[in-house]
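Step one of this worksheet: look at the structure below.
Since every read-out is calculated from the coordinates, none of them should be taken as a lab result. Not measured: the values here are computed from a predicted model. So basically every Cβ, Gly included, is an ideal-geometry build from the backbone, and we count neighbours across all protein chains shown.
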Amino acid sequence: MRNNKKILIVDDDIAVIDFFASFLERFNLEVIKAKNADEALKFFNLNKPDLVFLDIQLPDRDGVSVLKDILEISPKAKVFMLTAKSEKILQKKAKEIGAFDYITKPIDLAIFIKKIKRYIEI
Amino acid sequence: MRKILREYLEKTAKQTILIHRSDTLIKLILRTIVSKLNLEYAAMAIYDKNKDEYVIKISRTKGNFKIPPNFLKITKENPIVKYFTNKDFPSRKDHIFLDKISLLIKSKKIKRNPKLLRFLEDLKFTLLLYRARACIAGFFGKDLIGILFLGERKDKKKINDDDLAFLSVLSTDIVMSLKNAWLFEDLNYQIQKNKDLFLQTVLALASSIEAKDRYTRGHTERVVKYSLAIADVLKKYIKIQNYDKFKEDLRISALLHDIGKIGVPERILNKKKPLNVKDIEYIRKHPVIGADILEKIKDFKDIVLAVKHHHERYDGKGYPDGLKNKKIPLLASIIAIADAFDAMTTDRPYRKAFSLKEAVKEIKRNRKRQFSPLVVDSFLKAFPLDKNEESFNITHLGSRGS
C-alpha cells in the first residue's frame, strides 16, 4: 500500500541519500534523490514533495539560498535542514528564512522519526 | 610505530591490548560477525565523550542497510541506551534480543506495569528503526562505551547461546581495543598539554606492560634505583654538566626504558622456552618503539636517545644501531648495566636468578665488552659486596624486590 507521500532528499553524499531512501521506503514513503542545488530545484518543481530534507552545505550553493528559492516557489513547503550540531549560525538563519525545522547529523533515528511523525502519518 | 602495530594486528587480532588503532580491529570483527552469523549488517556505536552520545562509526553489511560512517547516533535518551544504563530497570542485561522483548511485551506480568510496557514498546520500535535483531552492550567497568548492532539473520535462524558467547568475546575485544585507543589519544593530547600528565599516562601504560610480563614485575622500579645510585658515583669520576637535569632525565629514561614492549606480544614476553629468531626480532624492536612513543615531547631529546640505545653494547654488538664506546649516550650506558643486573638477579621464564656474586662477576666479565668500563667501575663502587659476597654492603638502597 502506497502512502503516496513524497520526500525530497538533497545531499551531496550519495551514501547519506541512499541510507535515507532505504530507511524511509520502509514506511512506504516515496523518496526523490537530489545531489545538488540544481537537481533539488528541478525535482522540487517536478514532484511537489510533501517534505524536503535539505543539507545546509551543498557543493554548488549553500543550502540556505536553496531554501529561499524553494520557499519562493512554494511558501508552505516543509523543509527540514540537515546540519551539523556546530552550525548554529546557519541553523538560525535557516529558521529566520522559514525552514520548518532542522535535523542535526549524526541522527538518532528514534528522535528523527518522532520529528517527522508529526508531519507525515507513518 | 603505527606500521609495526598494524602488522602486529594483522597477525594476532585478538591481542587487542596492543592496538592503538581500534578501527582496523573493529572492522575485522564486524566482518567476522556478519559472515559467521550471516547477518544483513553489523554496526558499532562508540561513545563520544565530547558529545556525550554514541555514534555509529563503523558498519559492515551484506544487504542494503549501509550506514554511512558518523551518520547515525544513539543519544542517552534512546531506549537502547536507557535499557543498558538505567539502574531502575529490573532485568538489566548486557544484551537485547528483539524476539525476547516482543515476548515480554505480550506477557501478562508486563501488562500490569503500563510504564514498563510503554518503555518496552518504545524499545522494540527503536530496534526496528535500526533494523536490529539484537544489541550487545560493551561495558568497561560500569561505563557503557560501545553498542554492537546486529541485523537480521539472512538464514532466519535465531541467535543461540553459542553465538552469544562468541559475540560477547568479540564485544569485549572491541571494548579493550577502544579503551587502549583512548589511552593513546589521551597520551597525544597530554603531550601538547602537560608533560607531567603525559608521564603519568605513560607510566600507567608502562605498569600495564609490566603487569602482563609477570617476570619483570618491579623491574622498572629497581632499574631506576640502580641507575641513580650508579650516577651518583659516576659524577665523581667525570664532570657531568647540569647534574640535576641529568639525574632527572636518567630517572625518567629508566622508568620508561621498556615502554616499547607495548609492541611485543605477551606470548613472547612470557615464553618459557628459549626464544626463536622471530621472537628475538620482535623483542629487539622495543627500544625503537619506545623512542617513537616519546619522541613527540620537545624536551625529551636525551630521554628518547637513552630509551633508544639502552641495548647498545660498548663493543658495538648491540642494537638497534650498533653504536660503540662513547657514541652510546651516557644515560643509556647506565641503564644498560642497571637493566642487565636486575635481569640477572631475578627469575626469568627460562632460567633461575643468578646469585649476587655471580651477577657481579658477570658484569665485571663484560667490562669493555657489553658495558662501558667507567660505568662498570661506578656500579662496583655503588654496590660493594659484603664479606660473605651474599649481599650488598650498602644501606642507601633499601631492600630489593618488588
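Cross-link pairs exceeding 25 Å between alpha carbons, from the set A:LYS5/B:LYS158; A:LYS105/B:LYS82; A:LYS42/B:LYS62: A:LYS5/B:LYS158; A:LYS42/B:LYS62.
With R₀ fixed at 51 Å, the C-beta to C-beta distance from B:LYS51 to B:ARG153 puts the FRET efficiency at about 0.95. The mean number of Cβ atoms from other chains found within 10 Å of a Cβ in peptide B:60-73 is 4, as a whole number.
Annotation: extensible slack from B:ASN86 through B:ARG31 equals 16.8 nm (criterion: 0.36 nm per residue apart, minus Cα-Cα distance). Residue ranges B:316-329, B:269-282, B:366-379 sort as B:366-379, B:316-329, B:269-282 when ordered by packing (mean number of other C-beta atoms within 10 Å per residue, highest first). For the peptides B:127-134, A:68-75, the ranking by mean Cβ contacts within 10 Å, running from highest to lowest, is B:127-134, A:68-75. Placing pseudo-labels 7 Å out from each Cα toward the beta carbon at B:LYS111 and B:ASN38 gives an inter-label distance of 3.6 nm.
Hey, got the dipole for the stretch A:6-119? About the Cα centre, +1 on K and R Cβ, -1 on D and E Cβ, debye to the nearest 20?
Magnitude of the dipole: close to 580 debye.
Here each label is just a point 7 Å from Cα along the line to Cβ, and for A:ASP69 and B:LYS327 those points are 6.8 nm apart.
Inter-chain Cβ neighbour count for B:239-246, averaged per residue, equals 0 (cutoff 10 Å, partner chain atoms only).
Within the straight-line cut-off of under 19 Å between alpha carbons, the aspartates and glutamates reachable from B:LYS236 are B:ASP244, B:GLU248, B:ASP249, B:ASP377, sequence neighbours fewer than 8 places apart in one chain being disregarded. Each peptide among B:289-296, B:161-168 gets the average number of other Cβ atoms lying within 10 Å of its residues, and from highest to lowest they stand as B:289-296, B:161-168.
Legend: calculated FRET efficiency, B:ASP161 to A:ILE103, from the Cβ-Cβ distance at R0 = 35 Å, rounded to 0.05, equals 0.30. With a 10 Å cut-off around each Cβ of A:13-23, the average count of Cβ atoms from other chains is 3.
Computed from the C-beta positions of A:ILE89 and B:TYR243, the FRET efficiency with R₀ = 60 Å rounds to 0.55.
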